[in-house]
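In what follows, a single structure is set out as structure tokens and then discussed.
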């Protein structure tokens, strides 16, 4: 019997690969996308396209006004850093408590819909240094949700699946390519234009581009005119 799984999908490379992995493991995916007032809200449209192309029947768009909290270059009037070789500390693109909020809402929705398996595309290797993408966080959060939910204390415990957490960006791309992911539909850029074209200069763009180079796979990303990447 096919088991149901809730998959958190942003519309980016990592979460799309995670969705493909969940499907490859014969889970029936229920997808949730968080529209959190992010500047790059075109990724929500990308998520819609991806779920349609991957034949996902259930796709919930969940609105959250994280702009009311602010403090991040993704949700506030703060410039997205460009052309930085390496961040020192936690970057300004960090959204305070984002995965805590997303996973809490995902667990609530999953519990009501009798889903015990939750997939999230966090990565602790080629990433921007966010504390809520680390294995320690995932382990602690899984313990918390099984202590603090009706399902958890009744014996129907939740399992958080993080299939790409220990993979490099190149390995993620190779995995997704083998599973038939169309990366041209994904958006990873922190500062895309209104047409969804990537800036090519933010941390996320640079990590994505290097991933394709190391994977030996042609980069299908649509970049803004005049953008060069070396």
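Of note:
- Förster radius 22 Å - calculated FRET efficiency between residue 24 and residue 57, Cβ distance, rounded to 0.05: 0.80
- Candidates 103, 66, 147, ranked by Gaussian network fluctuation over the chain, Cα under 10 Å, top entry: 147
- Among 125, 92, 112, residue whose mean-square fluctuation peaks in a GNM of the chain (springs only between Cα atoms under 10 Å): 112
- Scattering profile of region 96-196 at q = 0.19 Å⁻¹ [log10 I(q)/I(0), Debye over alpha-carbon scatterers]: -1.04
- Sorted by Cβ neighbour density within 10 Å, fewest at the top, the residues 221, 2, 16: 2, 221, 16
- Relative contact order %, the chain, counting alpha carbon pairs below 8 Å whose residues are six or more apart: 23
- Between helix 42-53 and the chain there is an angle of about 60 degrees, using the helix long axis and the longest principal axis of the Cα atoms.
- Label-to-label distance, nm, for residues given as residue 109 and residue 2 (7 Å Cα→Cβ offset): 1.9
- Taking label positions 7 Å along the Cα-Cβ direction at both residue 153 and residue 179, the computed distance is 3.5 nm, reported to one decimal.
- Cα centroids of region 168-218 and region 57-87: 18 Å apart.
- For region 18-88, the share of alpha carbon pairs falling in successive 10 Å distance bins from zero is 17, 36, 28, 18, 1 percent.
- Model label sites at residue 210 and residue 127, defined 7 Å from Cα along the beta-carbon direction, differ in position by 1.6 nm.
No value in this document is a laboratory result; all are computed from the given coordinates. Since this is a predicted model, take the numbers as computed values, not measurements. Methodologically, a virtual Cβ is constructed for each residue, glycine included, from the backbone with ideal geometry; neighbour enumeration extends over all protein chains shown.
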